[in-house]
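Colleague: Structure incoming, see below.
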Amino acid sequence: MRHPELVDFLLARFDEDEEAARFVQLSPAPTNRALVEHVLRDVETKRQLVEYFRDLEGRGFTGGTMDHALRLIAQTYDAHPHYRDEWRP
């Protein structure tokens, strides 16, 4: 991909989000099951989208829309220490 570091960054954040949601899910304390399930679905959806873009680019399709979408998704994690300002949309 044009921005493999951005893709790697996103996939790592998705893994962290999933891990946190599963930790909460296993907690003996009362939890908001609907919220945990939402986070898990959201992570999986974003992961599939990033993988879809990666697949498209691997087949020769490139474009500003894919790049912009990845940057928008990454904005969610702009407070993370590994986020780069160059990824801002």
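Colleague: Select from segment 8-89 those trypsin sites (Lys or Arg not before Pro) which occupy a DSSP coil region and have at most 11 other Cβ atoms within 10 Å, ordered by residue number.
Modeller: 59
Colleague: Now for a different question. Once you keep just the Cα pairs under 8 angstrom separated by 6 or more residues, what percentage relative contact order results for the chain? Provide the component values of the computation, followed by the final result.
Modeller: On the way: 51 pairs, mean separation 29.5, N = 89.
Reported relative contact order: 33 percent.
Colleague: Could you give log10 I(q)/I(0) at q = 0.15, 0.21, 0.23, 0.29 Å⁻¹ for segment 1-41, computed by the Debye formula over C-alpha point scatterers of equal weight, without solvent?
Modeller: So the normalised log intensities work out to -0.44, -0.65, -0.72, -0.92.
Colleague: In whole Hz, what ³J(HN,Hα) sequence does segment 36-53 give by Karplus (6.51, -1.76, 1.60; θ = phi - 60°), x for Gly and Pro?
Modeller: Rounded to whole hertz, the list is 4, 4, 4, 4, 5, 5, 4, 4, 5, 5, 5, 4, 5, 5, 5, 5, 4, 4.
Colleague: For the chain, state what percent of all Cα-Cα pairs lands in each successive 5 Å bin, counting from 0 Å until the bin that includes the largest distance.
Modeller: 3, 14, 23, 20, 16, 11, 7, 4, 1, 0
Colleague: What dipole magnitude, in Debye to the nearest 20, does the chain give about its Cα centre under +1 on Lys/Arg Cβ and -1 on Asp/Glu Cβ? Before the final figure, lay out the partial values.
Modeller: On the way: 12 positive and 17 negative charges, 38 e Å.
The dipole magnitude comes to about 180 debye.
Colleague: Provide the per-residue ³J(HN,Hα) series for segment 60-68, in order, calculated from phi with Karplus coefficients 6.51, -1.76, 1.60 and θ = phi - 60°, each as a whole number of Hz, with x at glycine and proline positions.
Modeller: x, 8, 9, x, x, 5, 4, 4, 5
Colleague: GNM on the chain, C-alpha springs below 10 Å: top fluctuator among 14, 23, 53?
Modeller: Answer for the Gaussian network model of the chain: 23.
Bear in mind these aren't lab numbers, they're just calculated from the coordinates by the rules spelled out. Here the structure is a predicted model, which is why all the values come from computation and not from measurement. No Cβ is skipped: glycine too gets one built from the backbone with ideal geometry, and neighbour counts run over all protein chains shown.
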